[in-house]
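Only the coordinates and a few stated rules stand behind these numbers; no lab work does. Not measured: the values here are computed from a predicted model. So basically every Cβ, Gly included, is an ideal-geometry build from the backbone, and we count neighbours across all protein chains shown.
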Amino acid sequence: MKLNKQTEILEFIQYKIENEGYSPSIREIAEKVNLKSTSSVHHHLNNLIEKGLLSKKANQPRTLTSNKIITSFKTVPIVGEIAAGSPLLAEENKIGEISVPQEKFNQNLFALKVNGDSMLDAGIHDGDIVVIDKGVEPKNGDIGAFMINDTEATVKYLDTISGKRYLIPANKNYNNQEINSNIQPIGKVVSLFRDI
């Protein structure tokens with residue numbers, strides 16, 4: 001289960017250009033990445049063009065070109081849900097996978113689906129996928145994933161206030177939580193994916 005449509009679209013365009021010598025049509029892209037409308041494809045393509053990852057000649061079909069050679073991608077398992085709100089039971093069930101560029105891949109990466117809105121002001125929404133590097137311990141100011149009571153996982157900022165360490169939400173409706181022996185870091189949040 002790949003959730004980043006723009007990554008899928010870039011991969012498909014690159015594949016078509018490398019193997020067939022021209023870019024795919026809008027309808028081919030829609031079919032390949034399971035988008036029901038061509039307007040959704042246009043939306044993603046415009047975002048990729050704005051990011052500088054694609055170019056297109058105006059009013060000419062099949063003129064998409066990738067500005068960034070996509071070497072290859074590796075998949076990272078999505079192993080369950082993590083709370084951005086009240087902590088949830090962190091069940092390590094693989095529910096899918098997500099692609100990350102090979103140059104950003106390492107064996108310590110895994111992904112979790114966000115459930116809740118406590119990190120809304122940090123741009124992390126309910127239903128997003130966060131990629132966590134369990135080889136990197138979160139430092140002050142980082143967004144990290146933390147295990148509470150060995151059974152529940154949550155994603156929050158880590159910071160020190162008046163000499164005490166806290167998990168800090170990015171939503172004024174939630175309170176800071178002081179770190180104690182029942183809270184252990186899982187890893188640092190290194191990427192965010194949103195399916196639109």
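Calculated from the alpha-carbon coordinates, the stretch 5-66 shows an Rg and a Dmax of 10.4, 26 Å respectively. Among the trypsin sites (Lys or Arg not before Pro) within the stretch 119-156, those in coil by DSSP and having at most 15 neighbouring Cβ atoms inside 10 Å are LYS134, LYS139. Taking only Cα atoms, what is the 0 to 90° angle, nearest 10, from helix 5-20's long axis to the longest principal axis of the chain? That helix lies at roughly 30 degrees to the long axis. Ordering SER181, SER55 from the fewest to the most neighbouring beta carbons within 10 Å gives SER181, SER55. Residues VAL130, VAL136, ranked from the fewest to the most other C-beta atoms within 10 Å, line up as VAL136, VAL130.
Taking the number of Cβ atoms within 10 Å of each Cβ as an exposure proxy, the fewest-first ranking of SER118, SER39 is SER39, SER118. Full extension of the chain between LYS74 and ASP195 gives 41.7 nm of extra length, using 0.36 nm per residue less the Cα-Cα distance. Pair-distance distribution P(r) for the stretch 106-196, from all Cα-Cα distances in 10 Å bins starting at 0: 18, 52, 27, 3, 0 percent.
Annotation: the stretch 111-163 has a Kirkwood hydrodynamic radius of 12.0 angstrom, from the mean reciprocal C-alpha pair distance.
Rounded to the nearest Hz, the phi-derived 3J(HN,Hα) couplings of the stretch 25-34 under the Karplus curve 6.51 cos²θ - 1.76 cosθ + 1.60 (θ = phi - 60°) are 7, 4, 5, 4, 5, 4, 5, 5, 9, 6, where x marks glycine and proline. The angle between the Cα long axis of helix 38-50 and the longest principal axis of the Cα atoms of the chain comes to about 80 degrees, rounded to the nearest 10. Once the chain from LYS104 to ASN175 is taken as fully extended at 0.36 nm per residue, the excess over their C-alpha distance is 22.2 nm. The residue among LEU64, ILE183, LEU120 whose Cα reaches farthest toward the positive pole of the charge dipole of the chain, with charges on the beta-carbon of Lys, Arg, Asp and Glu, is LEU64. Close Lys pairs in the stretch 77-196 (alpha-carbon distance under 16 Å; sequence gap of 8 or more, or different chains): 14. Length available on full extension from ASN140 to THR160: 0.36 nm per residue minus the Cα-Cα distance, which gives 6.5 nm.
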